[in-house]
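Written below as structure tokens is the structure these notes are about.
The values are calculated or read from the model by the stated rules, or taken from the named source; none is laboratory data. Computed from a predicted structure; not experimentally measured. So basically every Cβ, Gly included, is an ideal-geometry build from the backbone, and we count neighbours across all protein chains shown. Protein only, heavy atoms only, side chains kept; ligands, DNA and RNA dropped before computing areas. Shrake-Rupley method; radii C 1.70, N 1.55, O 1.52, S 1.80 Å.
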Amino acid sequence: MNVINTVHDVRTLVNKWRKEGYTIGFVPTMGYLHEGHAALMRRARAENDKVVVSIFVNPAQFGENEDLDAYPRNLDGDKSLCDSIGIDAIFAPDATEMYHDPKAFVDIIDLSKTLCGVTRPIHFKGVCTVVSKLFNIVQPNNAYFGQKDAQQLAIIRKMVEDLNFPVTIIGVPIVREEDGLAKSSRNTYLSPSERKAATILYKSIQVGQNTIVPGSSADSIINAMTDVINTEPLAHIDYVSIVDAVTMQPVDTIDRPVLIALAVYIGHTRLIDNFSYELHQ
């Protein structure tokens, strides 16, 4: 497995692969890899000749007073997991390699202004900018993203459509702990009591899944889910929202495919979760 730190070297490698006729799969990550990332990598491994995983904690997507400095890192552990899955190359640049007094940014309007975009206004601009750069560097045939970050996935799909990137975006289902908590690098921030309290997110998801039917009002589902979360003293709701699955704009009635998404603070740790609903379910 190649571990590469420079744009020049990763481009040299993937250009060689491309000339040899290999298909290239790509999994962009911020490291501290867990089973959710592993699911993306295994899918990429199964569907492509070569697979590149990027490990880069992107400063452009962190706002002021967010957890950039505290974000968990474990490059040795990441390398071990990638190696066990058969990843061909890790691209692990530092910030100075990726950004040189940047003046160009990518911002997908409207889709990035709802849900997490309300309280994290620069987040998706940073995500789209770094993913655009990574797509240009790696030039993959296929790129893999987790459905836990459903708004991010929708925004990346729109970016690829609007900017004509020659890459297929593949969403991979959420991987959960045995008690339902979605796998996340930020779960490591939770104390034992907070970790137990965090199961309230999935309990709320289950209530939403059992409540939603075609034609029902969005508010009725949101209220039912909110009532569940409010039973947990350590939980503080950022949002519980229902949006159009493509445009990420709020809906009043379940009359189209929708995303039901929530962000909840457990103590000081902000966790997200979601589920999708199609009318034929």
#### Entry: Selection from the stretch 63-97 of residues that are of a type in the set (G, A, S) and either under 19 Å from the mean Cα position of the chain (by Cα) or not assigned by the TED database to the domain that holds R45 (or both)
G63, A70, A92
### Query
So is T211 surrounded by 14 or more Cβ atoms within 10 Å (Cβ to Cβ), under 20 Å from K113 (Cα atoms) and among the β-branched types (V, I, T) or not?
no
### Query
Which of (1) part of a helix (DSSP H, G or I); (2) over 17 Å from D149 (Cα atoms) is the odd one out, the single condition E232 does not satisfy?
(1)
### Task
Of the conditions (1) in contact (Cβ under 8 Å) with a residue 24 or more places away in the chain; (2) surrounded by fewer than 16 Cβ atoms within 10 Å (Cβ to Cβ); (3) out of contact with any Asp or Glu (no Cβ under 7 Å at 6 or more places or on another chain), N230 clears all except one; give me its number.
(1)
### Query
Among the listed residues V14, V10, V52, which satisfies the condition of being closer than 24 Å to Q147 by Cα and open to solvent by less than 20 Å² (accessible area, probe 1.4 Å)?
V52
### Search result, residues across the stretch 17-49 that are surrounded by fewer than 15 Cβ atoms within 10 Å (Cβ to Cβ) and within 20 Å of the chain's Cα centre (by Cα)
E35
### Message
For the list (1) in contact (Cβ under 8 Å) with a residue 60 or more places away in the chain; (2) outside any helix (DSSP H, G or I); (3) out of contact with any strand residue (DSSP E or B) (no Cβ under 8 Å at 6 or more places or on another chain); (4) surrounded by 14 or more Cβ atoms within 10 Å (Cβ to Cβ), I need the number of the one condition that D110 fails.
### Response
(4)
### Query
When the residues of the stretch 236-281 are filtered to those that are touching a Leu at 6+ places or on another chain (Cβ under 7 Å), among the hydroxyl-bearing types (S, T, Y) and under 15 Å from I221 (Cβ atoms), which remaining residue is surrounded by the most Cβ atoms within 10 Å (Cβ to Cβ)?
S241
### Query
Applying the selection to the stretch 164-175, what residues are open to solvent by less than 70 Å² (accessible area, probe 1.4 Å) and not β-branched (V, I, T)?
F165, G171
### Those residues of the stretch 214-225 which are open to solvent by 30 Å² or more (accessible area, probe 1.4 Å) and among the hydroxyl-bearing types (S, T, Y), in sequence order
S217, S220
#### Entry: Filter result for S204 (outside the structural domain of F62 (by the TED database), open to solvent by less than 20 Å² (accessible area, probe 1.4 Å) and among the polar types (S, T, N, Q))
yes
